[in-house]
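Single-structure report; data block below.
Just so it is clear, none of the values below were taken in a lab; they were calculated from the coordinates. Because the structure is predicted, anything quoted here is derived from the model rather than measured. All Cβ positions, even for glycine, are placed from backbone atoms using ideal geometry, and neighbour counts span all protein chains on display.
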Amino acid sequence: MTQKTIIKTTCPRDCYDACGIAVVTSEDGRIKVLGDPDHAVSRGALCGKCAIAYNGAYLDPKARLTQPLLRSGPKGSGQYRPVSWDEAVQIIAEQLQQIVAESGPEAIWHTHYTGTCSAIAGGFPQRFFHKLGASEVDPDSICNAAGHAALGYLYGTSSDGFDPRMAKDAACIMVWGANPSASAPHRHKYWLKETPAKVIVIDPVRHETADQADLHLQPFPGSDAALAYGLLHVLVREKLIDQAFIDAHTIGWDELAPTIAKADPAWTEAATGVPAADIIEAAKIYGGGPALLWLGQGLQRQPMGGNIFRAIGLLPAATGNFAKPGAGLLYLNGGAKRGTDGDYLEAPHLRSNERQVVSHMDLVDLLRDRSRARALFTWNINIAASNPRQADLRETLNSDDLFHVAIDLFPTDTVDHADIILPAASFLEFDDLVTSYFDLTVSPQVTAKAPMGEALPNQEIFRRLAKAMGYADAELFEPDSAILDNLARQLGQKDFTALKVSGTVQRWAQPVMQFPDLKFPTPSGKIEIASRAAEEAGFPLVPAATVDARPAKGHLRLLSPASKWLMNSSYHNDPKIGAKLGLQNVAMHPDDAAARGLTAGQPVRVSNSTGTIDMVVELADTLPRGVALAAKSRWPKLGGLTVNALNPGTKSDMAESSSVHGIEVEIASI
Ligand SMILES: Nc1nc2c(c(=O)[nH]1)N[C@H]1C(S)=C(S)[C@@H](COP(=O)(O)OP(=O)(O)OC[C@H]3O[C@@H](n4cnc5c(=O)[nH]c(N)nc54)[C@H](O)[C@@H]3O)O[C@H]1N2
Ligand SMILES: Nc1nc2c(c(=O)[nH]1)N[C@H]1C(S)=C(S)[C@@H](COP(=O)(O)OP(=O)(O)OC[C@H]3O[C@@H](n4cnc5c(=O)[nH]c(N)nc54)[C@H](O)[C@@H]3O)O[C@H]1N2
Ligand code: SF4
Ligand SMILES: [Mo]
């Protein structure tokens with residue numbers, strides 16, 4: 001039998017699960033990336049997409065970027081020649097210095113997100129950009145900024161969620177606008193199945209998690225604030241609110257009275273499409289005992305996403321669902337809750353100018369304006385697939401006078417437009433640290449193999465760039481080993497070596513209660529149902545029972561949530577995943593298809609004033625009438641423009657964030 005070594009590590013993808021991984025290397029050097037059977041989340045199996053991609057594209061030198069490349073032909077032509085790391089960083093440093101001298105560092109922009117969520121590869125590069133004085137595209141504006149802003153008004157924080165171990169004490173788990181069956185597969189498979197709680201899913205789509213729930217409410221997209229008020233109406237009527245809690249720990253409850261009174265089940269049914277009986281049942285279950293509320297990220301990617309979050313966020317406040325077992329709400333659990341010091345990791349003190357920030361929704365306009373943007377770094381992100389105005393963005397990225405450095409593992413569409421391409425090492429190739437954004441755990445990312453070709457971890461790339469720029473600050477050169485020990489200590493561990501030995505650990509041995517002392521980090525210290533800060537920012541004092549207008553005649557509302565087979569745009573280039581994805585399809589209710597004379601498998605043109613793309617019809621009675629669905633983030637170069645070519649980049653009501661689930665389209669046969 002061939003001798004094997006097994007290295008245990010953690011998946012650092014932008015995923016609720018943070019699975020434990022066992023990397024098995026046989027004597028002949030062959031590697032298998034498997035789910036760690038001893039890990040509490042993965043229990044021996046990765047999700048389908050990672051099981052394929054980590055053993056496919058991630059290990060395939062032909063799929064990966066393996067050396068620095070310098071553009072040798074017109075932009076977008078894909079012509080590059082290999083250069084050494086020294087040459088690459090030298091060219092970049094010279095360009096940056098010239099731009100700084102002529103236009104100031106503010107003309108250098110960087111955009112990044114969650115290609116890897118490990119701490120150093122995700123955070124350390126910020127030290128370089130702070131020192132440089134570069135400008136930054138607001139990372140969360142492509143994903144979840146509206147929800148963060150809304151919960152900030154209400155609770156003073158959006159990153160301090162319930163401890164999922166509380167599920168054993170809950171009478172109800174309400175999953176509102178998330179699809180764990182795709183975006184958190186192990187939560188779908190185990191967490192939601194093993195809880196004694198009744199599970200309620202609120203989602204326009206009857207996805208697998210909704211299908212398996214005790215109760216599924218199917219509101220029309222963008223009508224959730226009204227639904228929240230409908231639930232509050234029943235909670236008040238049935239005396240299921242906790243008046244003592246409201247009196248002691250909230251401000252502004254009475255301001256809600258007129259809207260709650262209006263939102264009786266009949267009104268709410270008309271506003272949302274959810275049957276009155278289901279609204280009453282859901283409120284009774286939610287109000288009947290300790291309840292956990294999971295606020296999905298898809299939910300707030302709506303034109304009124306911020307208001308919707310403020311309205312739904314009222315439910316745990318009205319029912320006193322904090323500081324007791326089985327109670328709470330969760331959007332994300334941030335690293336800071338466990339003790340990570342973001343300022344240590346990113347060193348903002350290195351900055352000597354004021355940071356300029358724009359929303360992802362404004363990226364195209366920014367990049368077209370040479371008086372504001374002369375250089376762009378893209379790292380941990382694939383804007384050419386994931387961002388709005390896809391066709392415009394591609395054209396903009398082709399500008400000869402925009403100096404573009406792309407750092408990635410793979411030759412994505414974004415990378416194809418760069419002047420210089422730098423190959424990043426994968427998470428299997430360096431040590432790092434992962435804090436799940438669901439569980440309150442701390443996990444090691446452990447080197448399991450040598451970097452592919454000349455690829456380097458993000459942090460090492462930015463150390464080399466700092467040296468080439470002539471910087472001397474110690475923070476820019478701090479070695480990974482020292483950072484990992486410091487982070488491990490911040491997170492309550494002895495050091496990183498100890499964490500490697502223990503593997504994933506819970507930050508606290510026993511489940512922790514949410515807001516245990518019932519002090520909320522708002523200006524008043526209470527839950528701000530009425531928020532002066534929100535009012536000063538131009539929002540209503542209390543959330544409104546908004547309902548988006550139904551699509552114009554003949555139009556459909558297009559949702560483009562997470563695909564089961566992709567991690568955002570990652571993995572489309574893996575041939576086995578590509579085969580599973582097949583042609584780009586758009587799902588719709590059979591009645592909507594029939595009304596257009598369309599049948600399953602038929603090629604159609606999907607269009608609106610932003611763009612037109614061709615897709616194939618899928619019939620899905622899991623969707624409400626009037627709603628179409630095309631999953632997000634395929635690679636344009638693997639089949640033509642994708643769903644973001646239909647996305648105008650309209651901002652949600654709060655934080656200039658994405659409202660991508662608010663798009664309307666027309667669909668017609670070709
Ligand atoms: N239509 C539509 N569009 C959407 C959404 C939607 O719901 N609908 N959702 C939005 C959301 S929520 C998000 S978060 C964004 C996500 O969009 P992106 O942030 O663009 O996510 P990915 O497409 O996965 O891109 C991450 C890139 O990072 C690379 N990467 C992985 N590890 C590393 C590393 O260690 N170093 C470097 N340098 N690169 C690495 C990957 O190869 C990948 O190319 O998409 C948004 N776009
Ligand atoms: N497999 C896989 N997993 C992923 C990702 C991926 O791309 N693929 N992406 C990761 C990232 S970056 C993120 S942000 C998370 C996102 O994961 P989720 O938080 O689950 O968000 P989405 O997948 O965008 O959308 C979730 C659900 O929101 C619903 N929704 C849309 N509009 C509304 C509405 O108006 N009301 C209600 N009630 N529901 C609505 C959609 O129908 C969808 O089922 O997943 C992460 N995990
Ligand atoms: S992407 Fe999520 S489900 Fe898949 S292996 Fe990674 S952590 Fe697990
Ligand atoms: Mo996201």
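For GluC sites (Glu not before Pro), the sites in segment 14-100 that DSSP calls loop and that have at most 10 other Cβ atoms within 10 Å are GLU27.
The fewest-to-most ranking of LYS519, LYS637 by surrounding Cβ atoms within 10 Å reads LYS519, LYS637.
Within the P(r) computed for segment 260-401, what percentage of the Cα pairs occupies the region above 22 Å? That tail contains 64 percent of the Cα-Cα pairs.
3J(HN,Hα) along segment 29-46: x, 6, 10, 10, 9, 10, x, 6, x, 8, 8, 5, 8, 6, 6, x, 9, 7 Hz, from the Karplus curve 6.51 cos²θ - 1.76 cosθ + 1.60 with θ = phi - 60°, whole Hz, x for Gly and Pro.
Ellipsoid fit via the Cα gyration tensor, segment 221-264: semi-axes of 19, 12, 10 Å, each the root of five times an eigenvalue, largest first. Semi-axes of the equivalent ellipsoid of segment 511-642 are 39, 23, 15 Å, computed as sqrt(5λ) over the eigenvalues of the C-alpha gyration tensor in descending order. Global size of segment 156-249: 14.7, 40 Å for Rg and Dmax (C-alpha atoms, Rg to one decimal, Dmax whole). For segment 46-109, the mean projected area of the C-alpha convex hull, equal to one quarter of the hull surface, is 7.0 nm². Size of segment 1-118: Rg and Dmax of its alpha carbons, in Å, are 20.2, 64. Annotation: average projected area of segment 364-465 is 8.2 square nanometres, based on the convex hull of Cα atoms across all directions. Within segment 191-333, the ratio Rg/Rh, alpha carbon atoms throughout and Rh by Kirkwood, equals 0.93. Note on segment 241-327: dipole from Cβ charges, positive end direction compared against ALA311, PRO275, PRO265; the farthest Cα belongs to ALA311. For segment 345-423, how big is the tail of P(r) above 19 Å, as a whole percent of Cα pairs? Roughly 39 percent, once rounded to a whole number. The angle separating the long axis of helix 480-490 from the principal Cα axis of greatest extent in the chain is about 20 degrees. Counting 0.36 nm for each residue step from SER502 to THR612 and taking away their Cα separation leaves a gain of 34.4 nm.
Of the trypsin sites (Lys or Arg not before Pro) in segment 146-255, the ones in a loop by DSSP (not H, G, I, E or B) with at most 12 other beta carbons within 10 Å are LYS239.
Over segment 438-505, the hull volume per residue, using the convex hull of the C-alpha atoms, is 116 Å³. With the convex hull drawn around the C-alpha atoms of the chain, the volume per residue stands at 151 Å³.
Each label point was placed 7 Å from the Cα along the Cα-to-Cβ direction; for SER524 and SER26 their separation is 6.6 nm. From the C-alpha coordinates alone, can you work out the Kirkwood hydrodynamic radius of segment 415-468, in Å? Mean inverse Cα-Cα distance, inverted, gives 13.0 Å.
Once both labels are positioned 7 Å from their Cα atoms along Cα-to-Cβ, the gap between ILE6 and VAL512 label points is 3.1 nm. Simple rule: put +1 on each Lys or Arg Cβ and -1 on each Asp or Glu Cβ in the chain, find the dipole, and look at CYS143, LEU240, THR66; the Cα lying farthest toward the positive end is THR66. Where in segment 637-667 does the label zone of ASP60 land, with the point 7 angstrom along Cα→C-beta and an amide N cut-off under 17 Å? Output list for this probe position: 637-639. Count Lys and Arg as plus one, Asp and Glu as minus one, and take only other residues whose Cβ is under 13 Å from that of GLY662; the net charge is then 0. Going from the residue with the fewest nearby Cβ atoms within 10 Å to the one with the most, SER118, SER652, SER103 rank SER103, SER118, SER652. Each of ALA45 and ARG368 was given a label point 7 Å from its Cα along the Cα-to-Cβ line. The distance between the two points is 4.8 nm.
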